[in-house]
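I have placed the structure first, in the form of structure tokens, so that the comments after it can refer back to it.
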Amino acid sequence: MTFPNNFTWGVATSSYQIEGAVNEDGRGQSIWDDFCDTPGKIIDGSSGAAACDHYHLWQDDIKLIKSLNANAYRFSIAWPRVLPDGTGRVERRGLDFYDKLVDGLLEAGIEPYATLYHWDLPSALQYRGGWANRDIAEWFADYASLMARTLGDRVTQWMTINEPWCVSFLSHEIGEHAPGLRNGKLARQAAHHTLLAHGRAMQAVRACASQPAKVGIVLNYEPCLPFDANNPDDIEAARLADVQDPFHGWFTCPVFHSYYSPELMAQSGTDAPNIQPGDMALIAQHNDFLGINNYTVGRYRLQNGQPVRVRNQSAEHTLMDWEVAPEGLHSLLMRLHQETRGKVPMYVTENGSSFADQLVSTDGTSRIHDERRAAYLLGHVEATHQAIQKGVDVRGYFAWSLMDNFEWAKGYQQWFGIVHVDYATQKRTIKDSGWAFKKLASRD
Ligand code: FCB
């Protein structure tokens, strides 16, 4: 496989999943601290309070990233570290942390890709309604301005919101993520507000960064595929499922075409979001790139004329019970290329797999032979490569994740890292998938 010379090979993380140090240097409370404190929400009763202690080990972690040959690092900024109350009072020590991190990355020749929101909303804003309150677009714009003023002389790649579907539907309707609500109307309104916030943040970053900034959003997808690609009924089922697909309908459509899917709006009835004049134009501003998070696919069969999602028993599944299907990433890239008429550069901003690992020690050296994770990585990088060969403008691939970390409601019971973390000692050990990544990323 030959990739373009300037291809970005990155690893990705997020603040709450790795930083730990939740009570240090004036950091405010986040909705994930609260959620973890609520019995029954996290499978193993854990939290991100310590996580990978990246807040203290960031210098070692930069060396680790460098040792993997990555030329980019996607991290997120914890809003409550820099604005403990969400708005108003700025915490200088929080800003300093990201300042030093960015300097350290640049010194190591690693390009920082900063995500403004990866789910750790300041609790103070949740008390004011959180994502369900339309004012959040302005709160977020103010926070984005602060970060662009602080880092915008060095950071040129910005991502506004990570996976707005998770921020809205998974967290406000399905209730699996913080704040754990179960209200369809609120979820749809929250979805609309994530996009307003995205639009306002793009304006804020462009206005406040002193270097020309590239700004985009990160959307997650689970492409709808037929259970049996040779069965016309299954093909029809996948097509029908796609028409109702929330990832495209609630997010790709508004961001790139300025409308919500008419099918989803009709299905929502009185739960449809309230939209004010000018909103759709704000949402559909020019994006410098699209970040794509993809892990798996949905398989569909037809039952009484309706698409039904089924488990593909014969396929390999990860520990998350997600089907391994690199062809899904390939078809997704082709589809988004068409939808954006080839005009929007794309990055795979997250892709990876969770499997239980075994540390084997021989002669004092530890190894993790995670063949399945390495095969997953190679399969998906190949799928990306094929799309590039067909003319799709994919600029980079970020492995999720740099290291094992706090996997939200699944606690520490999932392992996505290409680097193993021993949480008792905080020792990092590169897994075989990490060595495979290093080989892919070596540009000699
Ligand atoms: C994505 C999240 C990321 C991680 C992976 C496994 O939805 O963005 O934080 O949890 O899933």
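Okay, here's what the table says:
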| item | result |
| --- | --- |
| The lone exception for residue 336 - which of (1) touching an Asp or Glu at 6+ places or on another chain (Cβ under 9 Å); (2) crowded, with 17+ Cβ neighbours inside 10 Å; (3) not small (Gly, Ala, Ser) it fails | (1) |
| Selection from region 182-220 of residues that are within 30 Å of residue 40 (Cα to Cα), surrounded by fewer than 18 Cβ atoms within 10 Å (Cβ to Cβ) and of a type outside the set (Lys, Arg) | 183, 184 |
| Matching helices (runs of 4 or more DSSP H) fully within region 188-287 where at least 3 residues are closer than 15 Å to residue 300 by Cβ | 232-243 |
| Residue 60 away from the ligand (no atom under 16 Å from the Cβ), touching a strand residue (DSSP E or B) at 6+ places or on another chain (Cβ under 8 Å) and farther than 28 Å from residue 290 by Cβ | yes |
| Residues of region 403-444 classified as in a loop (DSSP other than H, G, I, E, B) and of a type in the set (Gly, Ala, Ser), total | 4 |
| Residue in region 30-39 that is in a loop (DSSP other than H, G, I, E, B), surrounded by 15 or more Cβ atoms within 10 Å (Cβ to Cβ), touching a Phe, Trp or Tyr at 6+ places or on another chain (Cβ under 9 Å) and not acidic (Asp, Glu) present | no |
| Sole exception among (1) closer than 22 Å to residue 408 by Cβ; (2) surrounded by 19 or more Cβ atoms within 10 Å (Cβ to Cβ) for residue 175, by number | (2) |
| Test: residue in region 268-277 that is of a type in the set (Val, Ile, Thr), surrounded by 17 or more Cβ atoms within 10 Å (Cβ to Cβ) and touching a residue at least 40 places away in the same chain (Cβ under 8 Å) | no |
| Counted residues, region 333-363 - those being part of a loop (DSSP other than H, G, I, E, B), in contact (Cβ under 8 Å) with a residue 24 or more places away in the chain and among the polar types (S, T, N, Q) | 4 |
| Residue 93 vs. criteria surrounded by fewer than 24 Cβ atoms within 10 Å (Cβ to Cβ), more than 16 Å from the ligand (Cβ to nearest atom), modelled with pLDDT of 95 or more and not in a helix (DSSP H, G or I) | no |
| Residue in region 411-426 that is of a type in the set (S, T, N, Q) and more than 16 Å from the ligand (Cβ to nearest atom) present | yes |
| Residue, surrounded by the fewest Cβ atoms within 10 Å (Cβ to Cβ), within region 298-331, restricted to residues that are within 15 Å of the ligand (Cβ to nearest atom) and among the aliphatic types (A, V, I, L, M) | 320 |
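The values are calculated or read from the model by the stated rules, or taken from the named source; none is laboratory data. Please read all numbers here as calculations on a predicted model, not as lab measurements. Glycine gets a Cβ as well: all are built from the backbone with ideal geometry, and neighbour counts include every protein chain shown.
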